[in-house]
Structure formats: C-alpha cells, structure tokens
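Down below is the structure, laid out as structure tokens.
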Amino acid sequence: MKLLFTFLIFGLMSCNYSYAQNHQLIDTTDYEKHKALIETFEDKNEKFNQSLKSNYKGKLRKEILGIYTEYQSHLTEILENKKLLFDTRFETYVDSLFNTLVEHNPDLNNNNIKVFVAKNPSPNAFSVGNGTIITNIGLFPFLENEYQLLSVIAHEAAHELLKHSHNSIVNKSTLNVSVLGNNSQFSRNLRLHKYNKGSLSFQKLKNLLYEEGEIKRQNETAADSLGYLLYKNCKVPKKEFLNALITLKKYDSIPSIALDSSIYVKTFDLPELPFNKAWMHNEDFNAYNYELYKEKIDTDSIKDHPEIEHRILKLQNDFKALDIKNATTDTISPSDAFLKLQRLAHQAYVENLFYTNEYGLSVYLILKRLEHNADDTYLKTWLGVNFNAIYEAKKKYQLNRYVDRIVPKEQSKSYQQFLNFIWNLKLSEIKTIADYYLNI
C-alpha cells in the first residue's frame, strides 16, 4: 500500500509542472523552531507522565508509562531528525483551517490541540494523543480541495476529543499485564501444557490482534461520525467530507507508474562510467513457491482502518445529508491558495522522499520526471544527493533500509526492474554516479 499511494501521486501529477532550478522548494532549515518544539514537548511529556503516575498504580502504571515513553521517544526522534515542515506558507494555511474548526466548535479550544505538517509524502494524517495532530504534506497533492483537507483534520481532531490514542494504550497495557504477562492466567495455563505451546500462543495472539483490530475499526468510524459533525458546524459543503473518502477509494485501484527502459541509458551512460548492460539483469523468481510463505494471519482482519466502502456507507446511513441518492463524486474546485500549495507539495515530492529516507523511491520519481524534463538541473542534483546517500548506506551494509527488496507479486515489473538495477550496481559505481550528478 505504501508503494501504491506513492506511485499514484507520481502518476497523477508527474509532468504537469515545471521545476525550480538548483534550490530547495520548501524551507526545511528552521533549526530554532525544531529546538524550541523539542523543549516544549519534553516539558509537556513530563507533566503528562506525572499525571499518569497519579491516575494509575502498580504494573499497569509501569506498562502504560512504558508505552507512552516509547511513543514520546518516537515523536522526539521525528523532531530531532527534522521531519516536520516549518514552512510559513503551509503552517499558516493549516492553522487557518484548524482555526475554522475551533471557531465553530468551542470544545476544541479546551483541548490545546496543535496541528503540524510533516515532510512525509504519503497522503496521511494522525493524532498523537497528547493534543498533537500531524498532517503529511502528501495530503496536498492527493486531496482535491481545502474542504477535503479540513475534513481530514476534523477526523483527527475527533480522535483527540474521543481520546482514542490514550484509551488504546490503556487497553493494550491492561492486556499486556493481565493476559500476556508472566503471571497472567493464560501464561499459567500455558505452562501446564506439555505440547503445542507455540500453536496455543499463536492462537491467543491472533485473537488479541483481531480484538484490537476491531476496536481500531470502531474508533475510525466513531471519528468519522464526530469528525463530520465538527466539519458540518463550519458551514462548509457537506459532501466534501464524503468526497475525501471517495477520493481515497477511487485512487486505491490506480496502477503504479512505469519507467521507459531507455531512461537508464540516457541517465547512467556517463563519461567516466559507460553504461553496463549487466546492471539491468533481472533475477528469475518464477520457481519460487510463494504459498509457502503466506501469512498465517489474514491481514484484512487486523487492519487499522475499516474498508473505505464500509466507512462511506456508514456515514451515509447515519447522516441523511450524505445519503447515497444525493452523493456525488463531483467536487468543488480548489481555491487558488490550496492549488498553489498543492503544486508546491508536488514539486517537493523528490525532496520529501529523501527526507523520509526513501532514497530508492526518490530516485524512481526523479527518473520518471527526467523522461519529460531531461535537462532539469534541479532533478539531476537531487539524483546526486540520493545516490550519495545510497552509497553511504551500501557501504554500511544498510541499503535494504532505504531501497526496497524485490517482492514479485506486490510490485510492478517496472519497479522490479528499477530495484534490480540499483542492487546490481557496485559500490564504486554508485559513488561515481553520485559524484557526477552532484557536480552538474
């Protein structure tokens, strides 16, 4: 799904705009804001953790604190690695949308909620659970107007009001202590069994995953309902809340983009490194029996989000204004302000894939754009930046962290060809490519 969402954005807007030359499109260098925000979060987390110590006791308190500490560390890591976007144009715009929600829903004002924009190019948003909502920049190319973006923010604000993150952590902690802990009844009973302990443990884990998945699905539909009410209070076009989900459903089936194979020779036949046909050698996966590796747990049963079709039907059933007879996929045209940020977010896709350590995907998109903009020095410079990062990763035997491995039944032939190309390159060849394009 990660690749699908990434590629569909590539395909939607891969060659509609010209690109800036030799400079970053988006400001990502505001270190003082990152530093100040880290300090604010540290203080906020300390006060929050003190309240947890007051409200819970014993092993449950320890378990809850442990999970929260892990989440807080992850958020701090996001900040320390400068994954949030501090660009006034995006900050001001997203703040204005959230302020519209607050203006028409006073309860939000009492929850001290703040919305941030992340550099992540995937079309997603999430509620951290401590009054923090993070919207990815990838939402801008994906959604069709500001009302759909407002609906996403309203959905995440509903998660905050309903305390879904906190309740989920408490439930998980309770299960860890009472069900899976060493002294839980399940663990004591398991020790009495001489045989089939692995099967019993797996069955219990599967049941817990199903239960947790069902709770998360219920949370999503609850956030849809409350989110719609928050959105509707703003006196905005009601159907755009539904159209945001319809857009998601529509793009869920769009195929991946494909590269013209000639781009490899055009891009990598260099003065100091003539193109080598061996780079394009494909490994034969036809003899592999993938059924042997089929997951034991049906992933559909533990999805965090219900099927989009179910969410759409639930909203239409609960709210007559969204009834199927009145529903339409026709959307309202975006404002000039939204369209400007949408274009900017699209242009910056190459950079943001790099900032989120998706070096392989960033190169893949660059090659696609070079098919239509062969002399674009901005794209070529970022090709050098990515290959330099790939060089450092391969030198440390960590390339698989940043470039996908081939999964034949889940990737397009074009993307598999690209991955073969990257993995076939020698370390010295990667370095030569990096140096060439960094010095364009």
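The values are calculated or read from the model by the stated rules, or taken from the named source; none is laboratory data. These numbers come from a predicted model, not from an experiment. Glycine gets a Cβ as well: all are built from the backbone with ideal geometry, and neighbour counts include every protein chain shown. Remember, those area values only see protein heavy atoms, side chains included, never the ligands or the DNA or RNA. Shrake-Rupley method; radii C 1.70, N 1.55, O 1.52, S 1.80 Å.
Among all positions in the stretch 130-145, there is at least one residue which is on the phi < 0 side of the Ramachandran plot, touching an Asp or Glu at 6+ places or on another chain (Cβ under 9 Å), open to solvent by less than 20 Å² (accessible area, probe 1.4 Å) and at pLDDT below 90. Number of residues in the stretch 146-163 that are crowded, with 21+ Cβ neighbours inside 10 Å and within 17 Å of E214 (Cα to Cα): the value is 1. Among the candidates F98, F142, the residue that is among the aromatic types (F, W, Y) and either over 19 Å from the mean Cα position of the chain (by Cα) or closer than 25 Å to T76 by Cβ (or both) is uniquely F98. Within the stretch 376-410, being under 15 Å from N352 (Cα atoms) and of a type in the set (S, T, N, Q) holds for T381, N386.
Hey, among K62, K114, which residue is within 27 Å of K235 (Cβ to Cβ), among the basic types (K, R) and either modelled with pLDDT of 85 or more or crowded, with 20+ Cβ neighbours inside 10 Å (or both)? Before the answer, list the steps.
On the way: K62 fails: within 27 Å of K235 (Cβ to Cβ).
Result: K114 is the single residue among K62, K114 that is within 27 Å of K235 (Cβ to Cβ), among the basic types (K, R) and either modelled with pLDDT of 85 or more or crowded, with 20+ Cβ neighbours inside 10 Å (or both).
In the stretch 211-225, is there at least one residue being closer than 30 Å to K413 by Cα, open to solvent by 70 Å² or more (accessible area, probe 1.4 Å), modelled with pLDDT under 85 and in a helix (DSSP H, G or I)? Talk me through it step by step, then tell me what you get.
First, pick out the residues of the stretch 211-225 that are closer than 30 Å to K413 by Cα: none.
No - not one qualifying residue is present in the stretch 211-225.
Residue count for the stretch 345-361, restricted to those that are open to solvent by less than 20 Å² (accessible area, probe 1.4 Å) and not in a loop (DSSP other than H, G, I, E, B): 9.
Determine, yes or no, whether K413 is more than 18 Å from E283 (Cα to Cα) and out of contact with any Phe, Trp or Tyr (no Cβ under 9 Å at 6 or more places or on another chain). In short, no. The set of residues in the stretch 241-266 being at pLDDT below 80 and in contact with a Ser or Thr (Cβ under 8 Å, 6 or more places away or on another chain) consists of K250, P255, S256. Scanning the stretch 275-287 for residues that are part of a loop (DSSP other than H, G, I, E, B) and open to solvent by 90 Å² or more (accessible area, probe 1.4 Å), we see that the one that is modelled with the highest pLDDT is H281. Within the stretch 81-102, being surrounded by fewer than 18 Cβ atoms within 10 Å (Cβ to Cβ), farther than 18 Å from R343 by Cβ and in contact (Cβ under 8 Å) with a residue 12 or more places away in the chain holds for K82, D95.
Every residue, every condition in (1) of a type outside the set (A, V, I, L, M, F, W, C); (2) in a loop (DSSP other than H, G, I, E, B); (3) modelled with pLDDT of 75 or more; (4) under 24 Å from the mean Cα position of the chain (by Cα), yes or no:
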{"site": "N22", "(1), (2), (3), (4)": "yes, yes, no, no"}
{"site": "D27", "(1), (2), (3), (4)": "yes, yes, no, yes"}
{"site": "K33", "(1), (2), (3), (4)": "yes, no, yes, yes"}
{"site": "L37", "(1), (2), (3), (4)": "no, no, yes, yes"}
{"site": "F41", "(1), (2), (3), (4)": "no, no, yes, yes"}
{"site": "K44", "(1), (2), (3), (4)": "yes, no, yes, no"}
{"site": "F48", "(1), (2), (3), (4)": "no, no, yes, no"}
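The single residue among Y364, Y391, Y437, Y378 that is under 21 Å from the mean Cα position of the chain (by Cα), part of a helix (DSSP H, G or I), under 28 Å from I137 (Cβ atoms) and not polar (S, T, N, Q) turns out to be Y364. Among the residues of the stretch 397-425, those identified as outside any helix (DSSP H, G or I), surrounded by 13 or more Cβ atoms within 10 Å (Cβ to Cβ) and without any contact (Cβ under 8 Å) to a residue 60 or more places away in the chain are Y402, V403, V407. Each residue in the stretch 313-327 was checked for being open to solvent by less than 40 Å² (accessible area, probe 1.4 Å) and either of a type in the set (D, E) or at pLDDT below 90 (or both), and 3 of them qualify.
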